[in-house]
Amino acid sequence: MPFDHFAAIAPIYARVSYSKRDIMREVASLPVSGRLLDVGGGTGRVSSVIRDLVNEVVIADVSMGMLKETLHTPLKPVCGGSESLPFADESFERVIMVDALHHVINHAESAREMFRVLKTGGVLVIEEPDIRTFGVKLIALAEKLLLMRSHFLAPDKIEKLFDTGKKRIRAEDGTAWVIVQK
């Protein structure tokens, strides 16, 4: 079994604040009445700062070490991979994935699954470090050296993972958001 980098850093990661709340609120069209799924949401560091903008937040992640950090919060942790989400079709009004797509094994399957569980009219947001920038290229190199098997995609490649839906890209300060409305 490979080393779980994420379980090892979970206690530290849980304390790192998420500073892009206002942008996420805008691109995810929040607030909304309903459920939000945070795919690869780990410790809930992102979901915890937007929790007040939805009725319920579910976090899906493969790292039990990361999910353990959510146990004393109103967030609902579910252990599961992004390539095979354990939810019915059209279960969520919003689906987000922040700083996690480059860690998944199969980008296309993850995109299909996130779109599948998104309700018609819902919004899916993938926030990723923008690999087109020099600083993110250095991060990608560091993750390779740490044997994290990361594979970063440029925003236009992320957008092309979705066959349907209204799509747009926002990029600034080394971060890109791919927004898909179903």
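Brief remarks follow.
- Length-normalised contact order for the range 5-181 - Cα pairs under 8 Å, 6+ apart - percent: 19 percent
- Efficiency of FRET from Cβ geometry, M64 and T164, R₀ 35 Å, rounded to 0.05: 0.55
- Charge tally around V117: other residues with Cβ under 11 Å, Lys/Arg +1 each, Asp/Glu -1 each, net +2.
- Remark: the range 95-109, residue by residue, has Karplus-estimated 3J(HN,Hα) of 10, 10, 9, 10, 6, 9, 4, 5, 9, 6, 6, 10, 4, 5, 5 Hz, where x stands for each Gly or Pro and the curve is 6.51 cos²θ - 1.76 cosθ + 1.60 at θ = phi - 60°.
- Label positions at L145 and Q181, each projected 7 Å from the Cα along the C-beta direction, are separated by 4.3 nm.
- Shape annotation for the range 21-135: C-alpha extents along the principal axes are 37, 30, 28 Å, from largest to smallest.
- Lys pairs, the chain - Cα-Cα below 22 angstrom, 8 or more residues apart or on other chains: 18
- FRET efficiency, T133 to A108 (Cβ-Cβ, R0 22 Å, nearest 0.05): 0.40
None of the figures in this text is laboratory data; all of them are computed from the coordinates on show. Predicted model, so just to flag it, every value in this text is computed and none were measured. No Cβ is skipped: glycine too gets one built from the backbone with ideal geometry, and neighbour counts run over all protein chains shown.
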